[in-house]
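Scroll down for the structure; my scribbles are underneath it.
Values quoted throughout were computed directly from the atomic coordinates according to the rules given, and no laboratory measurement underlies them. None of these values were measured; they are calculated from a predicted model. Cβ placement follows ideal geometry from the backbone for every residue including glycine, while neighbour counts extend to all protein chains displayed.
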Ligand SMILES: Cc1ncc(COP(=O)(O)O)c(C=O)c1O
């Protein structure tokens with residue numbers, strides 16, 4: 001099925017058809033013909049976005065209702081303002097609005113409406129925590145590609161998370177899947193963070209890094225084979241399905257204390273992309289909220305008293321949906337009288353590109369704190385709060401230093417490609433989600449380039465690709481469209497051996513790559529300490545280690 005077909009069918013399942021939506025948009029246009037500009041196009045991005053208020057929403061079958069409501073609201077309520085609306089019939093809708101009182105020049109509107117295949121980020125993006133000299137020092141000392149993490153940035157984010165508004169106590173758990181290197185785990189451990197683990201193996205890794213078992217909470221899709229042993233060590237366990245709850249009951253019949261939590265799917269989800277939305281009817285994560293009676297029956301059967309309710313609805317969640325889910329989760333706590341803590345998961349949005357918005361924990365937490373207080377006033381139960389961010393703590397604290405390995409062109413009407421010496425083997429998010437990461441050019445030498453190498457390119461617009469033999473190994477896809485090429489304006493020509501630093505690479509990059517594809521070894525990881533010194537925290541893998549576990553077999557003939 002083609003992409004547009006699949007989206008059309010998503011629209012038909014939702015609260016209105018695409019045609020109906022066009023009708024709503026059209027009538028807003030007619031009411032204020034010179035104020036609202038409506039255009040449908042496949043991939044349409046605005047250059048020079050600095051003074052535009054930018055709202056982007058994913059149109060998937062699970063969040064269509066919210067998106068359509070959002071668009072309807074914007075179209076009708078902004079009819080008095082100067083508005084340019086660009087709809088992608090595939091998967092996204094973008095609303096671009098000039099700030100109040102500054103009508104866009106007609107030429108600017110016209111250029112917004114024109115589909116372009118370039119996103120101009122060179123003017124606004126820069127290195128986040130390294131200097132150019134430090135990036136070159138990483139390359140000189142550890143080679144490229146190499147991940148670099150900023151100790152200062154990690155600590156800054158941890159302190160922000162520890163200040164999360166709460167009424168009756170807070171535990172912050174690092175969702176270690178985001179960046180599981182021991183040096184990162186230990187940095188957070190020293191500041192008092194605990195751990196959210198997603199598998200028995202992550203539990204073992206956190207213990208090896210120095211965490212006490214009772215600081216580790218396991219919420220996984222798969223029950224570890226050694227669950228009994230891990231429970232005996234004292235880890236906390238969130239049952240994420242009825243089968244998991246039964247398994248816990250078999251192992252810990254009649255147990256009391258704080259070990260057991262129940263992860264619910266509260267019926268609502270929200271993620272930065274469809275693939276990171278883990279709540280609602282399309283998601284397999286957690287026990288469906290309407291199955292509460294079955295949970296209660298199992299608790300009775302195994303004589304168990306859960307201490308926690310847990311919900312996590314996605315990564316890059318809409319703060320408003322997250323706040324609603326906090327209310328739904330409190331309602332579940334009310335039905336489980338032994339519960340003393342509510343874990344609201346992670347998912348706080350972090351802008352990796354400077355134009356993207358980040359969630360301010362100090363703001364989103366305030367109404368949730370008030371809801372805990374209301375709950376206490378109503379029930380007499382003062383629930384502690386747990387949160388377990390991953391992205392928020394590490395996304396912008398990490399960068400991938402790569403080298404430009406080659407520059408190729410497909411002619412006048414085609415593209416100029418930069419080939420990196422890294423790709424989906426280190427950074428899968430662009431290929432998987434159409435995720436956007438800043439790409440910052442750092443010339444190989446500080447002085448101006450003098451050579452006229454045949455590999456040097458004067459082009460300024462580049463599609464950046466990875467080193468795997470896979471056309472999907474794309475570093476610069478269009479947002480949410482992993483298969484659509486989107487050139488970046490790097491503002492200056494690129495030469496082989498220049499460095500390209502991929503920012504926003506701290507979360508779900510090193511830990512989530514297609515490790516060993518094309519037999520590329522795992523690259524090193526480096527920590528930039530607060531004094532500006534570089535420390536190797538993971539060695540580059542020796543190529544022989546890739547096949548070290550293979551067992552020889554000699555074919556008979
Ligand atoms: C159960 C759970 N908690 C927390 C997180 C962290 O999410 P994020 O990195 O978006 O904060 C995840 C991520 O998938 C998760 O599955």
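A few comments on the model shown:
- Segment 118-248: relative contact order in percent, alpha carbon pairs under 8 Å with at least 6 residues between: 15
- Additional length obtainable on full extension of the chain from residue 253 to residue 363, 0.36 nm per residue less Cα span: 35.5 nm
- Virtual spin-label span in nm between residue 284 and residue 222, 7 Å along Cα→Cβ: 1.2
- As a proxy for reagent exposure, ranking 196, 214 by other Cβ atoms within 10 Å from fewest up yields 214, 196.
- Spin-label model, residue 232/residue 374: points 7 Å from Cα along the beta carbon direction are separated by 4.6 nm.
- Highest mean packing comes first when the peptides 426-433, 217-224 are listed by Cβ atoms within 10 Å, giving 426-433, 217-224.
- Linear extension gain, residue 553 paired with residue 409, 0.36 nm per residue minus alpha-carbon span: 47.5 nm
- Residues residue 303 and residue 246, FRET efficiency given R0 of 22 Å [Cβ-Cβ distance, rounded to 0.05]: 0.95
- For segment 363-438, alpha-carbon Rg and Dmax in angstrom: 23.0, 71
- As a rough guide to protection, the peptides 148-157, 333-342 ranked by mean Cβ packing within 10 Å, highest first, stand as 148-157, 333-342.
- Simple label model, 7 Å out from Cα along Cβ direction - residue 545 to residue 356, nm: 2.9
- The Rg/Rh ratio of segment 151-392, with both radii computed over alpha carbons and Rh defined as the Kirkwood radius, is 0.94.
- Exposure proxy ranking, count of Cβ atoms within 10 Å, fewest first, for 313, 418, 546: 546, 418, 313
- FRET efficiency for residue 292 and residue 127, using Cβ-Cβ distance with R0 set to 45 Å, rounded to 0.05: 0.35
- Three-way shape label, segment 183-326, alpha-carbon gyration tensor, a/c 1.5: oblate
- Overall shape: prolate for segment 208-284, with the ratio a/c of the largest to smallest alpha carbon gyration tensor axis at 1.5 or above and a/b above b/c.
- Segments 382-394, 297-309, 229-241, 170-182 sorted - mean Cβ within 10 Å per residue, highest first: 382-394, 170-182, 229-241, 297-309
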